[in-house]
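Remarks on the structure that follows.
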Amino acid sequence: TFILGIEGTAWNLSAAVVTETEIIAEVTETYKPEKGGIHPREAAQHHAKYAASVIKRLLEEAKEKGVEPSDIDGIAFSQGPGLGPCLRTVATAARMLSLSLGIPLVGVNHCIAHIEIGIWRTPAKDPVVLYVSGANSQVISYMEGRYRVFGETLDIGLGNALDKFARGAGLPHPGGPKIEACAKDATKYIPLPYVIKGMDLSFSGLSTAASEALRKNSLEDVCYSYQETAFAMVVEVAERALAHTGKKEVLLAGGVGANTRLREMLDEMCEARGAKFYVPEKRFMGDNGTMIAYTGLLMYKSGNILTLEDSRVNPSFRTDDVKVTWIKEEEM
Ligand code: ATP
Ligand code: FE2
């Protein structure tokens, strides 16, 4: 089976062709805002500008590997969650391809794609997933036909929280990696608000407090303390999900997962609980076309395809809205 998938929920336009076992090709064009954060309309214009050339290059690269457009079985696209204008641009490109090649459309939930690529590219089988990216922060695990959300942010995603604090501190976008670098030169920990409500998280109070702490403390110390506090929060919720589900694996997903300190803290927690900790290669942690194509392939093979009428995008598409048709529990 060959599936072509297109990702474009936010800053990254990326398309790929995959099979069950192989990435045939992937082509990416990244939108880089000149200053500040992502402007949804500008990002969508970027995607519209590059969609045709990305697909053209992808089909050329696939051809070099011996895969013709007529070999492709389905077109997958990120149907949500994400920025409305970006989602609509990518969905239009996907519909056109599906119509012109005469093959089905598959609508992929972006969060689930982050999970499935991690399961594909690591030995994880049935993990508790800590998914921390720009817009999303969730602790997720499969249970009875769905990816259940055990805990999530009640306000902003951890990546956006880091980026927002960094912007206020005069650091360039994206702030996550800059904060990580600054934190390495810290000399002390400053207490900041640690907010967990039940199994849910909140980062906005932490961000505000961190920005205020900059008046009396060094940037290095505040970056370090911000990371220690925020990461301890997400690790605590992941640990509680492990205890609750009795599962024995943790998978890290999403762009914030690039952070070395976060990995270290998760690794320690897993070690202490006798669980295995898995992190996919960095190229699969941020948004990428391969994760959409691969999840699309799983869905396609289990008959989970869309009619044109059902192909409308959903900017607030939830992880647990999706009926997981491709996992057979007896095989787990
Ligand atoms: P989603 O649509 O899934 O919410 P996204 O479109 O924001 O994701 P991702 O690539 O998953 O994209 O995540 C980007 C985020 O990851 C940014 O907020 C960025 O600051 C953060 N990030 C990247 N590297 C690091 C790092 N080393 N430490 C902390 N945060 C990081
Ligand atoms: Fe993402």
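The values are calculated or read from the model by the stated rules, or taken from the named source; none is laboratory data. Nothing here was measured: the structure is a model prediction, and the numbers come from that model. Quick reminder, even Gly has a Cβ in these numbers, built from the backbone with ideal geometry, and neighbours come from all protein chains shown. We work out accessible area using only protein heavy atoms, side chains counted, and drop any ligands, DNA or RNA first. Shrake-Rupley method; radii C 1.70, N 1.55, O 1.52, S 1.80 Å.
Within the stretch 205-216, track down each residue that is touching a residue at least 12 places away in the same chain (Cβ under 8 Å), more than 12 Å from residue 194 (Cα to Cα) and either among the charged types (D, E, K, R) or open to solvent by less than 40 Å² (accessible area, probe 1.4 Å) (or both). Quick ask: steps written out before the conclusion?
Kept after step one, since they are touching a residue at least 12 places away in the same chain (Cβ under 8 Å), are these residues of the stretch 205-216: 205-207, 209-211, 213-214.
Then keep just the ones that are more than 12 Å from residue 194 (Cα to Cα); that gives 211, 213-214.
If the condition is that a residue be touching a residue at least 12 places away in the same chain (Cβ under 8 Å), more than 12 Å from residue 194 (Cα to Cα) and either among the charged types (D, E, K, R) or open to solvent by less than 40 Å² (accessible area, probe 1.4 Å) (or both), then 213 is the only one that fits.
Is at least one residue of the stretch 311-328 among the aromatic types (Phe, Trp, Tyr), more than 17 Å from residue 121 (Cα to Cα) and not in a loop (DSSP other than H, G, I, E, B)?
no
Taking residue 32 as meeting all but one of (1) open to solvent by 60 Å² or more (accessible area, probe 1.4 Å); (2) assigned to a helix (DSSP H, G or I); (3) not hydroxyl-bearing (Ser, Thr, Tyr), write down the number of the exception.
(2) is the only condition that residue 32 fails.
Would you mention how many residues in the stretch 118-151 are within 12 Å of ligand 1 (Cβ to nearest atom) and either surrounded by fewer than 24 Cβ atoms within 10 Å (Cβ to Cβ) or charged (D, E, K, R) (or both)?
1
Which one of these is more than 27 Å from residue 173 (Cβ to Cβ) and part of a helix (DSSP H, G or I): 220, 264, 239, 212?
Numbers: 220 fails: more than 27 Å from residue 173 (Cβ to Cβ); 264 fails: more than 27 Å from residue 173 (Cβ to Cβ); 212 fails: more than 27 Å from residue 173 (Cβ to Cβ).
Going through 220, 264, 239, 212 in turn, the sole match is 239.
Residue-wise test of (1) of a type in the set (Ser, Thr, Tyr); (2) over 27 Å from residue 31 (Cβ atoms); (3) away from ligand 2 (no atom under 16 Å from the Cβ); (4) over 18 Å from the mean Cα position of the chain (by Cα).
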{"residue": "246", "(1), (2), (3), (4)": "no, yes, yes, yes"}
{"residue": "249", "(1), (2), (3), (4)": "no, yes, yes, yes"}
{"residue": "259", "(1), (2), (3), (4)": "no, no, no, no"}
{"residue": "274", "(1), (2), (3), (4)": "no, yes, yes, yes"}
{"residue": "300", "(1), (2), (3), (4)": "yes, yes, yes, yes"}
{"residue": "312", "(1), (2), (3), (4)": "no, no, yes, yes"}
{"residue": "315", "(1), (2), (3), (4)": "no, no, no, no"}
{"residue": "318", "(1), (2), (3), (4)": "no, no, no, no"}
{"residue": "325", "(1), (2), (3), (4)": "yes, yes, yes, yes"}
